[in-house]
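The structure appears right after this line, and notes come after that.
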Amino acid sequence: MKINIKQMLSNSEQIKKADLLYDERYASIYNQIWCEKNHWKPLSDFYEKILNSLLQSSKNWLDVGCGTGYLLSKFSEVDRSGMDLSDDMLHIARSANPNATFYKQSMTEKRPELEGKFDLVTCTGQPYCYLPTMGDIELAIARLAEWTAKDGKCMVAPSDLVDIMDIEFPHDLYDLSGLPLSRGVTTLGVVWTSKEHDGAYYYQLCPHLDQLVRWFGDHFRKIEILLRPKSEEGTTRVLRRVIVASEKRDIGDDTPPTIILPSEPLFDVRKNTEEAQSPVSELSNKDLLKELAKRLKSGSLVKAAVKKIVSG
């Protein structure tokens, strides 16, 4: 069987992809699949709950990658706008939000008339994953920040592999002020393929949460990470975190950002079993090697891997 794998798309090809994949048929069932189906509804409910809180102090709102306008339609009393690339998705969004304003463009495009305009800018559907490079995603984050008002907030839902796997990188990537200017900086992300309804596999580029926080820290002085509570059902074992950035920087402000992490340790939230472990960032390299040798000897590492493969 021949597998059709599409290469990462250039900016000029993004609109073509959006119109091909997010066509009339897919747009007509999109809400049923991703917003209303029991498997994913708790996640859209979580986003709606956060939005309800953020919109209390926001007079206007821009949703980037708005799709069918599902979340926009939940707040009809708000002055709201949407941005997307798909004509068919925007057609449904306009029908669901007749009083809203919509823009058809890439999230990397500059739009001077929107700069500093919105009290709240959101992006929950991870459209940035289809951008061709990490540099393009960094540019998209810069655009989200540009469109956010001086006293506004920016909310983004990462598509992070850490929310699926039992791994965690140490949180030492947020502040790069101590690095010499001549040193290159590694950007962390994962490339995976997603089989879309047209039968083809498309590359998606997903920056790690720490990487997104670093980029947002270039534009905002306060970064808060919210976590979907473990008591909620749905979305199988997948956790989802949300970044809320605020206190937009003035030009020339390079002070380290304040980062507010979830009150509950991620590993305790993810796994409420005897396998729950503390984050590896708390261990020294020597202790890590000892722990690895111990688990290899006992066979617990292999058992855990087999269990994950079977249950997955």
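Hey, among the residues in the range 1-38 that are in a loop (DSSP other than H, G, I, E, B) and open to solvent by 70 Å² or more (accessible area, probe 1.4 Å), which one's modelled with the lowest pLDDT? If we take residues in the range 1-38 being in a loop (DSSP other than H, G, I, E, B) and open to solvent by 70 Å² or more (accessible area, probe 1.4 Å), then 1 is modelled with the lowest pLDDT.
Here is a check on your reading of the model: is residue 214 buried (at least 19 other Cβ atoms within 10 Å of the Cβ), at pLDDT below 85 and more than 22 Å from residue 118 (Cβ to Cβ)? Criteria not met by residue 214.
Scan the range 71-89 residue by residue and report those that are assigned to a loop (DSSP other than H, G, I, E, B) and over 18 Å from residue 106 (Cα atoms). Passing the criteria: 74, 75, 76, 77, 78. Pairs meeting the criteria (first residue in the range 51-80 and closer than 21 Å to residue 114 by Cα and free of Cβ contacts under 8 Å to residues at least 24 places away in the same chain, second residue surrounded by fewer than 24 Cβ atoms within 10 Å (Cβ to Cβ) and among the basic types (Lys, Arg), beta carbons under 7 Å, at least 6 apart or on different chains) are 79/59.
Only one entry in 116, 152, 135, 125 is out of contact with any Pro (no Cβ under 6 Å at 6 or more places or on another chain), more than 21 Å from residue 54 (Cα to Cα) and of a type in the set (Gly, Ala, Ser), namely 135. With respect to being in a helix (DSSP H, G or I), free of Cβ contacts under 8 Å to residues at least 60 places away in the same chain and farther than 23 Å from residue 132 by Cβ, residue 95 fits the description. Selection over the range 141-154 of residues that are in a strand (DSSP E or B) and closer than 19 Å to residue 130 by Cα gives a count of 0.
Does residue 54 satisfy the criteria of being within 17 Å of residue 120 (Cα to Cα) and open to solvent by less than 10 Å² (accessible area, probe 1.4 Å)? Taking the combined requirement at face value, the residue does not satisfy it.
In this structure, residue 78 does not satisfy being crowded, with 22+ Cβ neighbours inside 10 Å and under 30 Å from residue 250 (Cβ atoms). One residue stands out among those in the range 56-81 that are under 10 Å from residue 96 (Cα atoms) and not hydrophobic (A, V, I, L, M, F, W, C): the one that is farthest from the chain's Cα centre (by Cα), which is 76. There is no residue in the range 126-139 that is in contact with a Gly (Cβ under 7 Å, 6 or more places away or on another chain), over 14 Å from residue 59 (Cβ atoms) and in a strand (DSSP E or B). Of 68, 122, 108, all but one fail to be open to solvent by less than 40 Å² (accessible area, probe 1.4 Å), of a type in the set (Val, Ile, Thr), part of a loop (DSSP other than H, G, I, E, B) and closer than 18 Å to residue 158 by Cα; the exception is 108.
The values are calculated or read from the model by the stated rules, or taken from the named source; none is laboratory data. As the structure is a prediction and not an experimental result, all values here were calculated from the model. Positions of Cβ are backbone-derived with ideal geometry, glycine not excepted, and every protein chain shown enters the neighbour counts. Just so you know, the surface numbers come from the protein's heavy atoms only, side chains and all, with ligands and any DNA or RNA stripped out. Shrake-Rupley method; radii C 1.70, N 1.55, O 1.52, S 1.80 Å.
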